[in-house]
């Protein structure tokens, strides 16, 4: 059992969702109550995660949150913590939860309304992203305190031996004073031994932690030419995959992999979906979109059957004449693949756009589509969603892939819904267009209370710099891609 536990820890060192962003965001419904949950993971393990739950209803009188480790399940989880109302806010509840292990967690949120209890599961990654360095001033303080403790411990032991059995009025025998000096030396050595043992223990803990720091999955990305068609190939070379020490990759809202291909000058974005090669289970292939040659950043989103998600980042150069491969099959173009081009018949407008935002300020994301005559048009489902978004900041190494339901993986949520024997929100309540009144029924019928509008949960960014965002929706049969930019101060 111990070996198996260590195996799981090793697996988790390779996983991370998004890049440079610790928030897991979900917006949907619990029962019939619209809710938005933001989980800010600490980036260290163990660590305290901040949980903020905004309820769009006055019927809720109690909110709880509970961390459930995927491997332990509900039986191995601690009791739920009460999320208390935030002073000065309307229907906003907050609490903190300890994430004690590396890996995938389900933050189980329960809303109490009258006699009814509604539950939602929010998948999050618990990862160690960095080792915090101790400040020099704190090191000096702790060193001084340690010396005082050593001196105090040795002094207490020495005096206890020398004087504890002597009457206060008696004169200390010279022999006892002499022996007490030996006791002082022995106690000093023992205290140093205890300190050294503690030091070695801490070294082991630090090494285990360092071994579990996030490392991106080892992959190779290349562009080859097969039968006069350019193919982008992703090969997973990580030994943890080849040796079967990682969970299987599973589809997330219909795709085994979601890939964003972004040109280095940010002029081109492609949203494409590699499929698994028939010949090699560790190879994923996709037809290159009609984009210009040049250098590209590649962002690949995958989900594992454990509920963990990962975004793999690579760079690649698209040459005018890629290497020709004689033997190989040309993959079929995914009909949901899309890319920017100059002949789009529709436009997306960011309704509440600002040029600048303060650090950690709420960035509201509401958009509306228009045709060439600036008439609002009805949205259609695109890859099981009302919209898709990708946000990057090259200078801050930030990448966020988001939807109207937030930044979580639908597949991960379904895993935890199944584990909790809960009817999946993916089938019964996801807020596909970001409107609290939406439901699966209105989604499937293409009915919206606000024609042409899509809303994403607000984002907040703590790193100053320039950000670039692409929003994609489908309207009147066309996948529309619009680019926006803003600055965080």
Checklist outcome for this item: When the range 209-258 is checked residue by residue, the ones that are loosely packed, with under 13 Cβ neighbours inside 10 Å and under 22 Å from residue 324 (Cβ atoms) are 220, 227, 228
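Looking for something within 30 Å of residue 409 (Cβ to Cβ), in contact with a strand residue (DSSP E or B) (Cβ under 8 Å, 6 or more places away or on another chain) and surrounded by fewer than 17 Cβ atoms within 10 Å (Cβ to Cβ) - is there at least one such residue anywhere in the range 185-208?
No - not one qualifying residue is present in the range 185-208.
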Checklist entry - within 30 Å of residue 246 (Cα to Cα), out of contact with any strand residue (DSSP E or B) (no Cβ under 7 Å at 6 or more places or on another chain) and not assigned by TED's automatic domain parsing to the domain that holds residue 409, is that true of residue 40? => result no
Item to check | Test: residue in the range 196-209 that is outside any strand (DSSP E or B) and in contact with a helix residue (DSSP H, G or I) (Cβ under 9 Å, 6 or more places away or on another chain) | outcome: yes
Next on the checklist: Pairs please, first residue from the range 313-338 and within 30 Å of residue 21 (Cα to Cα), second anywhere and outside any loop (DSSP other than H, G, I, E, B) and at pLDDT below 90, Cβ atoms under 8 Å, 6+ apart in sequence or on different chains.
Outcome noted: 313/19; 336/382
Checklist outcome for this item: Counted residues in the range 132-174 being part of a helix (DSSP H, G or I) and without any contact (Cβ under 8 Å) to a residue 40 or more places away in the chain come to 27
Next on the checklist: With the structure loaded, tell me whether residue 44 is modelled with pLDDT of 85 or more and either within 12 Å of the chain's Cα centre (by Cα) or surrounded by 19 or more Cβ atoms within 10 Å (Cβ to Cβ) (or both) or whether it fails that test.
Outcome noted: no
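To keep it simple, each residue is scored yes or no on (1) over 25 Å from the mean Cα position of the chain (by Cα); (2) without any contact (Cβ under 8 Å) to a residue 12 or more places away in the chain.
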position	(1), (2)
186	yes, yes
192	yes, no
196	yes, yes
200	yes, yes
212	no, no
216	no, no
220	no, no
248	no, no
Checklist entry - Only one of these conditions is not met by residue 327: (1) surrounded by 12 or more Cβ atoms within 10 Å (Cβ to Cβ); (2) at pLDDT below 90. Which number is it? => result (1)
Checklist outcome for this item: How many residues of the range 102-126 are part of a loop (DSSP other than H, G, I, E, B) and either modelled with pLDDT of 90 or more or in the same structural domain as residue 247 (by TED's automatic domain parsing) (or both)? The answer is 2
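The values are calculated or read from the model by the stated rules, or taken from the named source; none is laboratory data. Predicted model, so just to flag it, every value in this text is computed and none were measured. Here the Cβ is made from the backbone with ideal geometry for all residues, glycine too, and neighbour counts use every protein chain on show.
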